[in-house]
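Student: Would you mind keeping the following structure in view while I ask a few things?
What follows draws every value from the coordinates through simple rules; no lab data is involved. What you see is a predicted model, and the numbers here were worked out from it, not measured in a lab. Because the Cβ atoms are built from the backbone with ideal geometry, glycine has one as well, and the counts that use them run over all protein chains shown.
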Ligand SMILES: [Zn+2]
């Protein structure tokens, strides 16, 4: 696990989020945080890049990356602030690393009628199934994160 942070995000917070949302047994990846517009990319060699804006935007409820387009699979979620954005995006990209480790099983994948994996190894890597699964995982992690924050107060 290699973490490179080129942004204003606090290193402690970044590590905390990664540890929180990291799927079990997943540690062979590099995660880099750069300046850009909020989004994430994961390559097939487990290189993850997360982009965040140069300045923190005012906290407000907004919808992140929701898609009703059947071809894309994104479910999206409603987020309250930048922390939640980071939790969601990092969880989504780390789930893609998990998917590569678990490409030969149907165990644990989020599926529904529209976005199912089928029986081929490659089905797990077609965009709708892959991004539906990653978004469902990210939503689950964000829910856990919110619950744990409430517990700390
Ligand atoms: Zn994705």
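Student: Which FRET efficiency value, to the nearest 0.05, do you get for residue 26 and residue 60 by plugging their Cβ-Cβ distance into 1/(1 + (r/R0)^6) with R0 = 22 Å?
Tutor: 0.10
Student: Over the chain, what is the relative contact order in percent, taking alpha-carbon pairs closer than 8 angstrom and at least six residues apart? Write out the running numbers ahead of the final one.
Tutor: Values: 235 pairs, mean separation 33.1, N = 153.
Value for the chain: 22 percent.
Student: Also, I was wondering about something else. Just to confirm the number: angle between the C-alpha axis of helix 82-101 and the first principal axis of the chain, 0 to 90 degrees, nearest 10?
Tutor: For helix 82-101, the angle is close to 30 degrees.
Student: Debye sum, Cα scatterers, the chain, no solvent: what log₁₀ I/I(0) at q = 0.10, 0.16, 0.18, 0.19 1/Å?
Tutor: -0.34, -0.88, -1.11, -1.23
Student: Sticking with this one: Can you sort 39, 63 so the residue with the fewest Cβ neighbours within 10 Å comes first?
Tutor: On the way: 39 15, 63 9.
Result, fewest neighbours first: 63, 39.
Student: Additional query: Label point 7 Å out from residue 105 along Cα-to-Cβ: which residues of segment 1-44 have amide N under 15 Å?
Tutor: Counting only backbone N, you get 23-27.
Student: In the chain, what % of DSSP beta bridges are antiparallel (nearest 5)? List each step's numbers first, then the result.
Tutor: Details: 7 of 17 bridges.
Of those bridges, close to 40 percent are antiparallel.
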